[in-house]
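Working notes, structure below.
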Amino acid sequence: LAKTTQPISMDSYEGQEVNITCSHNNIATNDYITWYQQFPSQGPRFIIQGYKTKVTNEVASLFIPADRKSSTLSLPRVSLSDTAVYYCLALTGTASKLTFGTGTRLQVTL
Amino acid sequence: NAGVTQTPKFQVLKTGQSMTLQCAQDMNHNSMYWYRQDPGMGLRLIYYSASEGTTDKGEVPNGYNVSRLNKREFSLRLESAAPSQTSVYFCASSEAGGDEKLFFGSGTQLSVL
């Protein structure tokens with residue numbers, strides 16, 4: 001399981017775009033990059049997953065450069081309800097080793 | 001559409017007591033997981049079950065036992081609770097156990113005095 005590194009915390013104002021970058025220098029060829037969101041007192045929730053280039057869904061976009069050593073989760077026009085912890089994982093069918101790091105704590109204010 | 005249901009939501013134990021955390025999913029998923037989350041920490045995998053009848057240790061299995069009762073249910077047992085097991089416990093499930101998405105329950109907050 002590739003080790004991932006992401007900022008401990010980020011602050012943003014409501015309405016701004018937020019980009020959270022995750023480093024995964026030793027990512028394996030078959031690893032997918034997956035992001036989860038966790039609100040206080042809740043379990044994590046799947047946000048988005050990708051292998052390379054760009055993936056977009058109704059919640060976020062995920063940008064993965066060609067070397068795949070990093071990825072960026074982009075949240076457009078954040079609101080107060082986007083205040084949460086965001087986890088980046090790189091994994092490849094090895095769920096028995098699937099461990100979340102400490103994530104990035106995003107605080108959105110008015 | 002309940003998803004992953006955990007019971008109880010809160011529990012207080014005395015050191016040495018035993019208890020079982022229950023988890024059930026209604027998505028017909030093959031794989032189920034138990035995690036613990038300590039304050040300010042990420043989630044750490046305790047045990048994992050790839051399919052009915054199989055279980056595997058995760059990162060922090062000591063002090064815990066699990067039972068995959070059937071495809072729907074995966075229970076976590078603390079035989080002799082210790083204060084170090086005070087934590088929030090999350091159960092999760094996925095279709096096959098790999099790079100697909102995990103679905104989490106709402107958690108059980110356990111305090112061991």
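The values are calculated or read from the model by the stated rules, or taken from the named source; none is laboratory data. Bear in mind the structure is a predicted one, so any value in this text is a computation, not a measurement. Cβ placement follows ideal geometry from the backbone for every residue including glycine, while neighbour counts extend to all protein chains displayed.
Is it the case, given these coordinates, that B:L78 is in contact with a strand residue (DSSP E or B) (Cβ under 7 Å, 6 or more places away or on another chain) and at pLDDT below 95?
Details: in contact with a strand residue (DSSP E or B) (Cβ under 7 Å, 6 or more places away or on another chain): yes; at pLDDT below 95: no.
Here the answer is no, as B:L78 does not meet what is asked.
Residues that are over 17 Å from B:T5 (Cβ atoms) and either among the acidic types (D, E) or crowded, with 20+ Cβ neighbours inside 10 Å (or both) within the stretch B:86-109 comprise B:S87, B:E95, B:G97, B:D99, B:E100, listed in sequence order.
Rundown of residues vs (1) surrounded by 21 or more Cβ atoms within 10 Å (Cβ to Cβ); (2) touching a helix residue (DSSP H, G or I) at 6+ places or on another chain (Cβ under 8 Å); (3) of a type in the set (V, I, T); (4) within 27 Å of B:V4 (Cα to Cα), yes/no style:
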residue: A:K3; (1), (2), (3), (4): no, no, no, no
residue: A:V18; (1), (2), (3), (4): no, yes, yes, no
residue: A:N25; (1), (2), (3), (4): no, no, no, no
residue: A:P65; (1), (2), (3), (4): no, no, no, no
residue: A:G103; (1), (2), (3), (4): yes, no, no, yes
residue: A:L106; (1), (2), (3), (4): yes, yes, no, yes
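Evaluation of B:V60 against the conditions (1) over 24 Å from A:P40 (Cα atoms); (2) in contact (Cβ under 8 Å) with a residue 24 or more places away in the chain; (3) within 14 Å of chain A (Cβ to nearest Cβ); (4) not in a strand (DSSP E or B) shows that the sole unmet condition is (1).
Quick one: how many residues across the stretch B:63-85 are within 26 Å of A:F46 (Cα to Cα) and in contact (Cβ under 8 Å) with a residue 24 or more places away in the chain? Qualifying residue count, the stretch B:63-85: 8. Would a scan of the stretch B:80-92 turn up a residue that is outside any loop (DSSP other than H, G, I, E, B), of a type in the set (S, T, N, Q) and at the interface with chain A (Cβ under 10 Å from one of its Cβ atoms)? No, that holds for no residue.
Residues are listed down the side, and each one gets a yes or a no for (1) at pLDDT 95 or above; (2) outside any strand (DSSP E or B):
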{"residue": "A:L62", "(1), (2)": "yes, no"}
{"residue": "A:R68", "(1), (2)": "no, yes"}
{"residue": "A:S71", "(1), (2)": "no, no"}
{"residue": "A:V78", "(1), (2)": "yes, yes"}
{"residue": "A:S96", "(1), (2)": "no, yes"}
{"residue": "A:G101", "(1), (2)": "no, yes"}
{"residue": "A:Q107", "(1), (2)": "yes, no"}
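Considering only residues that are out of contact with any strand residue (DSSP E or B) (no Cβ under 7 Å at 6 or more places or on another chain) and modelled with pLDDT of 85 or more, which ones fall in the stretch A:22-41? Scanning the stretch A:22-41 gives A:P40, A:S41. From A:S41, A:S81, A:S70, grab the single residue that is under 22 Å from B:F103 (Cα atoms), of a type in the set (S, T, N, Q) and more than 12 Å from chain B (Cβ to nearest Cβ). Step by step, each of A:S41, A:S81, A:S70 is checked, and only A:S81 is under 22 Å from B:F103 (Cα atoms), of a type in the set (S, T, N, Q) and more than 12 Å from chain B (Cβ to nearest Cβ).
Among the residues of the stretch A:7-29, is there at least one that is out of contact with any Cys (no Cβ under 7 Å at 6 or more places or on another chain) and within 17 Å of B:F103 (Cβ to Cβ)? No, the stretch A:7-29 contains no residue that is out of contact with any Cys (no Cβ under 7 Å at 6 or more places or on another chain) and within 17 Å of B:F103 (Cβ to Cβ).
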